[in-house]
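Peer 1: Before anything else, here's the structure in question.
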Amino acid sequence: MSLLWRISPVTSEVTPEGLFQLTALHSGKSLSIAGSSNDDAAPIIQTDFNNLSSQQWHLEVLGNGYVTIKSEQSGKYLQL
């Protein structure tokens with residue numbers, strides 16, 4: 001099963017190095033680090049958006065359809 005996500009800027013100024021919110025289209029909930037954890041392999045959950053750093057993400061386009069997703073909260077990369 002694949003999920004569709006809406007990627008929205010957290011701030012009104014959109015820049016490549018900006019912060020983004022990722023919202024699951026099926027639930028309307030935002031991608032978030034459970035408990036605002038900084039631990040390796042911390043659970044990723046869907047929650048209501050509260051503009052917390054654990055719900056803000058940096059995106060880097062690598063090319064050929066690949067993107068990295070890095071947490072503003074922990075500075076760690078999302079691994080799927």
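The values are calculated or read from the model by the stated rules, or taken from the named source; none is laboratory data. Just so it is clear, the structure is predicted and the values come from calculations on it, not from any experiment. Every residue, glycine as well, gets a Cβ built from its backbone with ideal geometry; the counts of neighbours run over all protein chains shown. Heavy atoms of the whole protein, side chains included, go into the accessibility calculation; ligands, DNA and RNA do not. Shrake-Rupley method; radii C 1.70, N 1.55, O 1.52, S 1.80 Å.
Peer 1: What's the total number of residues in region 2-27 that are open to solvent by less than 70 Å² (accessible area, probe 1.4 Å) and more than 21 Å from residue 80 (Cβ to Cβ)? Even if it seems obvious, please write down each step before you answer.
Peer 2: Of region 2-27, the ones open to solvent by less than 70 Å² (accessible area, probe 1.4 Å) are 3, 8-10, 15, 18-24, 27.
This time we only want the ones that are more than 21 Å from residue 80 (Cβ to Cβ), so: 9-10, 15, 18.
Total satisfying the criteria: 4.
Peer 1: Something else now. Name the pairs whose Cβ atoms lie under 9 Å apart, with the first residue in region 21-42 and without any contact (Cβ under 8 Å) to a residue 60 or more places away in the chain, the second assigned to a strand (DSSP E or B) and charged (D, E, K, R), and 6 or more positions between them or separate chains?
Peer 2: Between residues of region 21-42 that are without any contact (Cβ under 8 Å) to a residue 60 or more places away in the chain and residues that are assigned to a strand (DSSP E or B) and charged (D, E, K, R), the close pairs are 21/6; 22/6; 23/6; 24/6; 25/6.
Peer 1: Something else: Counting only residues that are among the basic types (Lys, Arg), give me the strands (runs of 3 or more DSSP E) lying completely in the chain with at least 1 of them.
Peer 2: Result: 5-9, 66-71.
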